[in-house]
Amino acid sequence: MLEFEIGKWTIAVDPDLTREIYAGLETSGAESCGCEPCFNFAAVRHLVYTPEILNLFDWLGVDPLLESGVRHLGRVTPGSHRYAGWFHVVGKIAKGPATPVAAADRGRESVVSLVDSGDGLEVGFSTERSLAPEDFRGLPVVTLEFSALAPWISNAPEPD
Ligand SMILES: [Zn+2]
């Protein structure tokens with residue numbers, strides 16, 4: 001396992017094994033959900049991640065097109081929506097908070113642990129593994145959570 005530090009966390013990960021698992025995944029959580037906010041996220045996710053986060057994903061072995069899931073948290077301003085989402089990584093939290101952060105409700109307290117990556121994007125880690133794809137079964141898993149602003153481009157009416 002390789003260790004790295006980010007914000008309040010020290011994370012131990014296995015990027016090669018993680019990369020192997022992502023290579024075998026067929027569809028992202030947003031695409032398999034099929035609801036309108038998830039559909040919208042899948043269409044704009046390339047606008048959401050910063051170069052720093054894409055570098056981190058690459059290093060971790062995570063395919064940015066294959067998030068395990070997203071949740072629409074609400075409209076911030078017309079055309080701009082807040083989402084939480086998560087990716088799973090083979091590894092564990094060596095040091096730092098273990099409880100879900102981004103996907104919890106948006107009370108300020110739930111997000112203070114998150115690392116600001118610019119452009120409305122924040123990331124954090126948790127040990128919550130209930131939403132991990134089957135392929136992670138039997139492996140140690142850490143969840144990379146994010147909270148992001150995304151534009152609304154779907155033709156469907158904007159949700160609140
Ligand atoms: Zn959905």
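The values are calculated or read from the model by the stated rules, or taken from the named source; none is laboratory data. All values reported here derive from a predicted model rather than from experimental measurement. Backbone-built Cβ (ideal geometry, glycine too); neighbour counts: all protein chains shown.
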Exercise. Could you please tell me which pairs satisfy a Cβ distance under 9 Å, a separation of 6+ or placement on different chains, a first residue in segment 66-79 that is of a type in the set (Lys, Arg), and a second residue that is assigned to a strand (DSSP E or B) and within 14 Å of the ligand (Cβ to nearest atom)?
Key: Arg71/Tyr83; Arg71/Ala84; Arg71/Gly85; Arg71/Trp86; Arg75/His81
Quiz item: In segment 33-48, what count of residues is obtained for those that are within 14 Å of Trp86 (Cβ to Cβ), more than 9 Å from the ligand (Cβ to nearest atom) and surrounded by fewer than 20 Cβ atoms within 10 Å (Cβ to Cβ)?
Solution: 1
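Which residue out of Ala30, Ala12 is touching a Cys at 6+ places or on another chain (Cβ under 8 Å), touching a residue at least 40 places away in the same chain (Cβ under 8 Å) and not in a loop (DSSP other than H, G, I, E, B)? Don't jump to the end; show me each part of the working.
Values: Ala12 fails: touching a Cys at 6+ places or on another chain (Cβ under 8 Å).
Only one candidate qualifies: Ala30.
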Quiz prompt | Output for segment 61-96, where each listed residue is within 16 Å of the ligand (Cβ to nearest atom), outside any strand (DSSP E or B) and either in contact with a strand residue (DSSP E or B) (Cβ under 6 Å, 6 or more places away or on another chain) or of a type in the set (Asp, Glu) (or both) | solution = Glu67, Ser68
Practice problem: Please specify each residue of segment 87-96 satisfying the condition of being modelled with pLDDT under 95 and closer than 18 Å to Pro64 by Cβ. | Solution: none
Quiz prompt | Any hit, segment 97-117, residues being modelled with pLDDT under 95, part of a strand (DSSP E or B) and away from the ligand (no atom under 16 Å from the Cβ) | solution = yes
